[in-house]
Amino acid sequence: MGRIVARLGGIGFAALLLLVLLVVNVWLTPGRFQPSGWLLLLGLAAPLIGAAMASTPAILSGRGGIDVSVGPQMGLINAILIKVLVLDFGIAHPLVLVPAALLIGALIGAFNGFLTTVVRIQPIVATLGTYLILSGVTLTILPAPVGPAPVWLKSLAGPLAFLPLGAVALSWWFISRSAWYDQLMAVGSDDRAAFTAGVPVTGVRFFAYLLSGIYAGAAALMLSALIGSADPNVGPTYTLIAISAVALGGVSLAGGRGGLLGAAVGALDIFLLQNALTYFNISTFVLQIAYGSILVAAVVLTALQTRAVAARVQHV
Amino acid sequence: MSSRLRFDARVFGAFAIAVALHILGTWLIPGYSAPFAIRALLVLASLLAIASIGQTLVVIVGGIDLSIPFIIGFANVVAAQLYGGGMAFSLVCVIVALGAILIGLFNGAVSAGLGLHPLIVTLGTGTVVQGAVLLWTGGFPSGSAPPAVSAFVSIGGSTGPLPFPPLVPVFVLLAALVALVLARTPFGRRIYALGSNPRAAPLALIRPVAMWAAAFAVSAFFAAVTGVLLLGFTGSAYGAVGQPYLFQTIAAVVVGGTALVGGRGSYLGTVGGALVLTELNTLLIGLGLQPATVQAALGLVIIVLLSLYGREPAIRSTI
């Protein structure tokens, strides 16, 4: 029981915030929140949710583990899919594009994993290096936005919006039942203790970055579906906001605590917050102030609440 | 002792690479070592190194500060706006510095007091500060720098007999002061102690919240100084002028051998890191590469450099 409380404790606040924001949003814009529009909204929120989920495994692995290149990964894969494969080579079949997206993501993830676990460069700087490389390469192969994306891909942001998110969630559900997941949480909480207990720390961490890359590939599909084109400037903007979503969702940036569900809830919070603020038609500057203050306030409240839960669990 | 040697090797490595890059540049690009080019390089490296003073302290204490670019933008725009509105420049500086220090104190106190990751806290406050500045100016800042500040950083300037603008010698003194404070004062030793063992330090009567607040306040203060200096350098206010400094300060700190897990590093290393980054940027642009290619090459070179001499110890050696 204590374990369940502790596991849900982290995302409890984000979930509560989600509920409040949903009520506010439905009240403000009932038209957008009709059941018929749900899939469209999901498609709109999907790239941020995907980016937040992609950022999570690397963060869970601890000791400063983080992948700040998730945004540019989405941007590069978006550019390769639409500009190179669809427009230059005329390949638009889902059975080519979907595996291609995941494969490129896996390659970049493996590169990040190699840099952080085998070469042992500090993760934020290693992935910052990848960030610069990926966004530079993206701008080189795609100086300006082009389109369009194939119709089936666009439908992933409409009638089929649940598909990519569902696939990521399902895969994580299987993974969280594996021995690797337990090892990841052990390494994230205390890598030295895990190492002395015989956990292959390097391998476990490497796979976390690999997984982040694969999920970034999935997030790139969601992004391509939503914007329906290739755009070199959109991807990198997701990096920092995705990390905010992860933190909001109760994932500890020190590693070892949290999960993809929390990250997804945190991302939905940010999406609904932006949606509600946009409704008031205020200047984007005020929006930015509100967004920053609510982010800090939310993280502060999450920390206070996690402490309270931890104290209660100790008493039980 | 061995860790001490290793850490000095990293500092030495950063300076050696800066020199190597400079020789490479002189060999490849005509005029790379011309007096004007060297002055420009020193001015740019000094600006980056000043912006990285706080990042070095914050990283040694075990944190990270993402609000630096936003505070640079804040100081840049607010100083121009107030000075343009007719306020005395000394008063402008006091206001800007106090504002920045308050933001820094908040960053450090909230991160340490509530056990929050500073990455999120500083990102949040940075976003708020940027929004507030944009709101105040409507996105179109006006005003300019006083001539004294422009002369202080002007690439063509000179200091008495020295062929540099005053910024360069003043920066050398400042760097020596920062290195001295870190290595020889109780404040500096506490920063290292807290960064290397956050659990043991409070038992030695080091107050974590106060130390974090101080480190982040220093960071915000020097970010504000950079913002005002950049105003003199570019001539007009621009809210996003600090954006390149977000990753560059972190890269300078790490290339200079300071570990992001805290407790080890030095400001001398950061100065070396700032030189390396400035040399690299100048070299790549001088080779006629497109901005996008420069960016990609910069990322690649940072990775290669760190894989040569910036590697972390293997887990089995830390038990």
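Coordinate-derived values only; no laboratory data. None of the values given here were measured: they were computed from a predicted structure. With ideal geometry, Cβ positions are generated from the backbone for all residues, glycine too; neighbour counts draw on all protein chains shown.
Please find the FRET efficiency linking B:Ala34 to B:Leu289, where r is the Cβ-Cβ separation and R0 is fixed at 25 Å, and quote it to the nearest 0.05.
The value I calculate is 0.80.
Go through A:128-137, A:232-241 and give me the packing order, highest mean Cβ count within 10 Å leading.
In descending order of packing, they fall as A:128-137, A:232-241.
Evaluate the charge dipole of chain A about its Cα centre and quote only its size in Debye, nearest 20, assuming +1 on the Cβ of each Lys and Arg and -1 on the Cβ of each Asp and Glu.
With Lys and Arg at +1 and Asp and Glu at -1, about 520 debye.
Would you mind classifying chain A by shape? Square roots of the alpha carbon gyration tensor eigenvalues, ordered a ≥ b ≥ c; an a/c under 1.5 is rounded, otherwise it is prolate if a/b is larger than b/c and oblate if not.
oblate
Taking 35 Å as R0, compute the FRET efficiency from the Cβ-Cβ separation of B:Arg311 and B:Ser90 and round it to 0.05.
That gives a FRET efficiency of 0.15.
When you count, for each residue, the other Cβ atoms within 10 Å and take the mean per peptide, how do B:37-49, A:286-298, A:211-223 rank with the highest first?
Ranked by mean Cβ neighbours within 10 Å, highest first: A:211-223, B:37-49, A:286-298.
Expressed as a whole number of Å, what is the distance separating the alpha-carbon centroids of segment A:225-261 and segment B:1-77?
So the separation of the two Cα centres works out to 30 Å.
Normalised by the residues of segment A:38-258, what does the relative contact order come to in percent, with Cα pairs under 8 Å and at least six apart?
Here the relative contact order equals 46 percent.
Using a 10 Å cut-off around each Cβ of peptide A:62-75, what is the average number of partner chain Cβ atoms that fall inside?
1
About its Cα centre, what dipole magnitude does the protein assembly as shown give when the only charges are +1 on Lys and Arg Cβ and -1 on Asp and Glu Cβ, stated in debye to the nearest 20?
Computed charge dipole of the protein assembly as shown: roughly 1300 debye.
Whose amide H sits under 5 Å from the amide H of B:Ser144, counting only residues 5 or more places off or on another chain, with H placed in the peptide plane?
B:Gly84
Let a ≥ b ≥ c be the square roots of the eigenvalues of the Cα gyration tensor of segment A:236-293; is it rounded (a/c under 1.5), or, if not, prolate (a/b larger than b/c) or oblate?
Prolate.
What does the average come to when, for each residue of peptide B:127-137, you count the partner chain Cβ atoms lying within 10 Å of its Cβ?
6
For segment B:103-203, which trypsin sites (Lys or Arg not before Pro) are both in a DSSP coil and crowded by at most 12 other Cβ atoms within 10 Å?
Here the trypsin sites (Lys or Arg not before Pro) that fit, given the DSSP loop and packing criteria, are B:Arg199.
Relative contact order for chain B using alpha-carbon pairs under 8 Å, separation at least 6, rounded to a whole percent?
Computed over chain B, the figure is 35 percent.
Most mobile of A:Gly75, A:Gly43, A:Gly203 per a Gaussian network model of chain A (Cα springs, under 10 Å)?
Comparing A:Gly75, A:Gly43, A:Gly203 in the GNM, the peak value goes to A:Gly203.
Among B:Met211, B:Leu268, B:Val304, flag the residue with its Cα farthest along the positive direction of the charge dipole of chain B, charges on Cβ as +1 for Lys/Arg and -1 for Asp/Glu.
B:Met211
From the Cα gyration tensor of the protein assembly as shown, with a ≥ b ≥ c the square roots of its eigenvalues, which class applies: rounded if a/c is under 1.5, or else prolate if a/b is larger than b/c, or else oblate?
rounded
If packing is taken as the mean number of other Cβ atoms within 10 Å per residue, what is the order of B:155-163, B:270-278, B:237-245, A:108-116, highest first?
Result, highest mean Cβ count within 10 Å first: B:270-278, A:108-116, B:237-245, B:155-163.
Report the relative contact order of segment B:159-307, percent, no decimals, based on alpha-carbon pairs under 8 angstrom and at least 6 residues apart.
Result for segment B:159-307 is 20 percent.
From the residues B:Gly62, B:Val149, B:Thr127, which one has its Cα farthest along the dipole of segment B:2-310 in the positive direction, the dipole being from +1 and -1 charges on Cβ of Lys/Arg and Asp/Glu about the Cα centre?
Of the listed residues, the answer is B:Gly62.
In terms of modelled amide H atoms, which long-range or inter-chain residues lie less than 5 Å from the amide H of B:Thr159?
Answer set, sorted by chain and number: B:Phe164.
Across peptide A:280-292, how many C-beta atoms of other chains are within 10 Å of each residue C-beta, on average?
Mean inter-chain Cβ contacts per residue within 10 Å come to 5.
³J(HN,Hα) across segment A:69-84 via Karplus (A = 6.51, B = -1.76, C = 1.60, θ = phi - 60°), whole Hz, x for Gly/Pro?
So the Karplus estimates, Gly and Pro as x, are 9, 4, x, x, 4, 4, x, 5, 5, 4, 5, 5, 4, 7, 6, 7 Hz.
Among A:Ala303, B:Phe171, B:Ala292, which residue has its Cα positioned farthest towards the positive end of the charge dipole of the protein assembly as shown, with +1 placed on the Cβ of Lys and Arg, -1 on the Cβ of Asp and Glu, and the dipole taken about the Cα centre?
A:Ala303
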